[in-house]
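Chemist: First the structure, then my questions, so here it is.
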Amino acid sequence: MALYLLFESASGYGLFHAYGIDEIGQSVEAVRSSVLDLERFGKAVKLTAFNPFSSAVDALNQCNAISEGIMTDELRSFLELNLPKPKEGKKAKYSLGVVEPKVGSHIAEVTGIPCQSNEFVQELLRGVRLHFDRFIKELKESDLEKAQLGLGHSYSRAKVKFNVNRVDNMVIQAIFLLDTLDKDINSFSMRVREWFSWHFPELVKIVNDNYLYAKLAKFIVNKSDLAEKDIPALADIVGDEDKAKEIVEAAKASMGQDLSPVDLINVQQFAQRVMNLSEYRKNLYEYLVTKMNDIAPNLTSLIGEVVGARLISHAGSLSNLAKCPASTLQILGAEKALFRALKTRGNTPKYGLIFHSSFIGRASTKNKGRMARYLANKCSIASRIDCYSEASTSVFGQKLREQVEERLDFYDKGVAPRKNLDVMKAAIDSMVNGTSIDDDDNERTDASAKKSKKKKSKTEADGDAMELDKPSNAADGEAEPGTEKKKKKKKHKLEETQEQENVATNGDAEVTETPKKKKKKSREVSEDAEPKTATEGKKKKKKKAKAEDDE
């Protein structure tokens, strides 16, 4: 059977005919030894056809298709034109050797050309790749190298392309800048308070917020200029008219020293800078919230934007965080305490950055370690979903948050939480069906409600059985409430105990026979019916015997 070889190069498709395989040998080792010798290898393989790519974009599209195991229309037309056509109703007397098995299977499915991709074919194609520029005379070696380099860059760029909206580096920079701004704003606000307190010391006790203090320092400038006409403007800044009046009264009787106009201008400018930094901090926080919802929506809905961003920045990236096990994520940020504990053989830390989550604060002291371990487990799941899922959704994060809430209830009240398998199934169903999470809120109580349902079913069954023991009131025709059923049960038990005591006091014959009859007929006979005695049974037996003797 003839063998053809399909070679995909950076410059185009090449089709080779391996006609002299007998000269080099049909074993893999023989082909390996003949690959380096061009004269020997050239006698076994010859070029049949070559189809160059029209442009760099076409080469990239063909390369992407080959890597995904897809045969393009260009490749199909190239093979159909250059391969020998078999007769109708007969199989082809040749096979096509390819590098990628997926491409070979797709070619065989679509065109019916038999393909093979084994070690022997791989070695032959390795020789073709080595001497490809020698087979095509018009192709220079430098041209082939340029084509390979350009295609390699474009292919790698296409494969390594990132979603612009999911670049976690922006989150890392934003959370670092947010922490730095918090420190700077606090230190600058203290400087404004200290500086302006030389002029108006009573304002510190009236206003505690740093941003409002800087705003008032910019508005007041000179305390001696304050009057009752400024109360509405002060009320707009502070938000309270009583405080505005208090500020005006304190300015009239202030003990602060007077400052020169130049000093007051500098204080005013510095207060404006602090205000600008505070407003920029708010805008940066909003930017961080939107970026975290784009990059890690499940982690954000589970643990919050700031704590999630700190975890990502400490790990280095979202992919690094997804690779961390839950035990590492639990103590992420407490490395110094961990190594100190290992060195001194003390107790290792229970939590790191996740301590800032509200769940750890809500847990009791003895359950903080358990809660940290459970929360780290759920954060690890959420980060992996965010990193490796293509669809951006926060359904899983909200479901995981519900699980953490249920675990808190379990530690505090003993309410049984749902199983993780059921929660994940509900999350997948809600994501596939597009239903809202509010529709699935009733599922939370399913696990804890199963026991109560079983108890209710048992009590109802017992009540039905007791109703059969009692005669039905047909004349009344009304359903009895649950309280009357309980009373009837108690009465029935008391009657049974009294009857058993009476039976124990009677003779042996009555003791042996009456309990059996009670068991059989307790649910069929009414209260008025009396059980048969042993003497009546003996009389009937005697009558039957006499009748038989007379006959």
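The values are calculated or read from the model by the stated rules, or taken from the named source; none is laboratory data. The model shown is predicted, which means the values in this text are computed figures rather than measured ones. Glycine also receives a Cβ, built like all others from the backbone with ideal geometry; neighbour counts cover every protein chain displayed. SASA here: full protein model, heavy atoms, side chains in, ligands and nucleic acids out. Shrake-Rupley method; radii C 1.70, N 1.55, O 1.52, S 1.80 Å.
Chemist: Among the residues of the range 290-317, count how many are within 11 Å of Asp168 (Cα to Cα), assigned to a helix (DSSP H, G or I) and open to solvent by less than 10 Å² (accessible area, probe 1.4 Å).
Modeler: Of the residues in the range 290-317, 4 are within 11 Å of Asp168 (Cα to Cα), assigned to a helix (DSSP H, G or I) and open to solvent by less than 10 Å² (accessible area, probe 1.4 Å).
Chemist: Considering (1) under 15 Å from Ala217 (Cα atoms); (2) not in a helix (DSSP H, G or I), say which one Ala250 fails and leave the rest.
Modeler: Failed condition: (2).
Chemist: Looking only at the range 364-377, count every residue that is open to solvent by 10 Å² or more (accessible area, probe 1.4 Å) and in contact (Cβ under 8 Å) with a residue 24 or more places away in the chain and tell me the total.
Modeler: Final tally of qualifying residues: 5.
Chemist: Residues being touching a residue at least 24 places away in the same chain (Cβ under 8 Å) and either buried (at least 18 other Cβ atoms within 10 Å of the Cβ) or not assigned by the TED database to the domain that holds Val110 (or both): count how many of those fall in the range 62-77.
Modeler: Residues in the range 62-77 being touching a residue at least 24 places away in the same chain (Cβ under 8 Å) and either buried (at least 18 other Cβ atoms within 10 Å of the Cβ) or not assigned by the TED database to the domain that holds Val110 (or both): 5 in total.
Chemist: Could I ask something else about it? Residues to consider are Ala59, Ala49, Ala10, Ala18; find the one that is aliphatic (A, V, I, L, M), without any contact (Cβ under 8 Å) to a residue 60 or more places away in the chain and assigned by the TED database to the domain that holds Pro86. Lay out the reasoning, then the answer.
Modeler: Numbers: Ala59 fails: without any contact (Cβ under 8 Å) to a residue 60 or more places away in the chain; Ala10 fails: without any contact (Cβ under 8 Å) to a residue 60 or more places away in the chain; Ala18 fails: without any contact (Cβ under 8 Å) to a residue 60 or more places away in the chain.
The conditions single out Ala49.
Chemist: Another question, if that's okay. Give the number of residues within the range 26-59 that are among the small types (Gly, Ala, Ser), open to solvent by 70 Å² or more (accessible area, probe 1.4 Å) and in a strand (DSSP E or B).
Modeler: 0
Chemist: Restricting to the range 88-144, name every residue that is free of Cβ contacts under 8 Å to residues at least 40 places away in the same chain, acidic (Asp, Glu) and open to solvent by less than 60 Å² (accessible area, probe 1.4 Å).
Modeler: Matches in the range 88-144: Asp133 only.
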